[in-house]
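The values are calculated or read from the model by the stated rules, or taken from the named source; none is laboratory data. Remember, it's a predicted structure, so these values are computed and weren't measured experimentally. Note that we place each Cβ from the backbone using ideal geometry, even for glycine, and neighbour counts take in every protein chain shown. Keep in mind that these areas ignore ligands, DNA and RNA; they rest on the heavy atoms of the full protein, side chains included. Shrake-Rupley method; radii C 1.70, N 1.55, O 1.52, S 1.80 Å.
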Amino acid sequence: MSTVHVMDHPLIMHKISILRDKNTDTKEFRKLAYEISLLMGYECTRDLTLVEHPIETPMGATVGHFIDKQVAIVPILRAGLGMVDAMLELVPAARVGHIGLYRDHDTLQPVEYYCKLPPDVAQRQVLLLDPMLATGGSAADSITMIKRRGATNIRLVNIIAAPEGIARVQEEHPDVDIYVGAVDEKLNEIGYIVPGLGDAGDRLFGTL
Ligand code: PRP
Ligand code: URA
């Protein structure tokens with residue numbers, strides 16, 4: 001069974017609370033999503049493997065530590081885009097793939113419309129980004145798509161998750177660890193996270 005890493009950092013909790021607020025406008029929402037992703041990126045890269053290489057400082061020779069595994073950042077469109085810049089800030093050499101999925105409003109089933117991943121994704125540590133993990137359908141299908149391209153090291157990063165979504169990803173992909181800013185109470189009858197923050201894509205891009 002995979003591990004669920006729930007962020008308990010006061011800065012993350014503070015920023016998620018403002019993100020949730022219905023009075024937070026699009027500009028502020030985008031900025032907060034960036035800042036939260038930056039903090040979560042620090043946590044979800046905590047145990048990346050390092051290799052040693054000799055380096056020269058102005059004072060002499062020493063051993064430097066460098067990230068061993070190449071990283072692939074993969075946002076789930078649209079809302080995952082709001083987390084990309086922060087992750088790239090932390091890992092500028094990462095490659096970026098995109099998965100296009102939207103949830104059919106009636107069936108709540110994810111509908112796939114785009115998938116473009118780095119050709120060497122199989123060799124990379126994949127960070128799959130989506131602010132919301134609701135039923136878990138979008139994340140579970142995205143992970144399946146990434147695994148079909150050979151990737152074996154995948155981490156899912158969500159700002160807010162429902163218990164139902166976590167359970168589904170763990171059931172379908174027990175090898176994928178989940179990094180989540182907050183675990184909320186439940187899903188409502190139309191598949192929205194409660195208390196959640198509403199529709200992440202709409203709030204991020206001002207399409208409410
Ligand atoms: C939202 C969100 C996730 C998905 C979560 O996207 O960004 O991708 O819903 O729901 P699930 O866990 O039940 O699958 P949405 O489908 O609204 O698409 P959008 O980002 O294009 O608006
Ligand atoms: N997608 C969102 O953007 N918000 C939810 O609460 C559930 C799915």
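Each Lys and Arg Cβ is given +1 and each Asp and Glu Cβ -1; about its Cα centre, the chain then shows a dipole of about 400 debye. Helix 163-172 and the longest principal axis of the C-alpha atoms of the chain enclose an angle of approximately 60°. For the peptides 166-177, 131-142, 33-44, the ranking by mean Cβ contacts within 10 Å, running from highest to lowest, is 131-142, 33-44, 166-177.
Phe66 sits with roughly 90 Å² accessible to a 1.4 Å probe, with DNA, RNA and ligands left out of the calculation. Accessible surface computed residue by residue for the chain, with neighbouring protein chains in place and a 1.4 Å probe, gives 51 Å² per residue. For a modelled paramagnetic label at Glu185, 7 Å from Cα along Cα-to-Cβ, the residues of region 134-161 in reach, with backbone nitrogen under 16 Å, are 161. Among 15-23, 191-199, the peptide with the highest mean count of other Cβ atoms within 10 Å heads the list, and the full ranking is 191-199, 15-23.
For the chain, the longest principal axis of the C-alpha atoms and the axis of helix 26-44 are separated by about 50°. Axis of helix 137-148 versus longest Cα principal axis of the chain: the two differ by about 40°, to the nearest ten degrees. Surface composition of the chain: carbon plus sulfur atoms contribute 54% of the solvent-accessible area (1.4 Å probe, protein chains only, all chains present).
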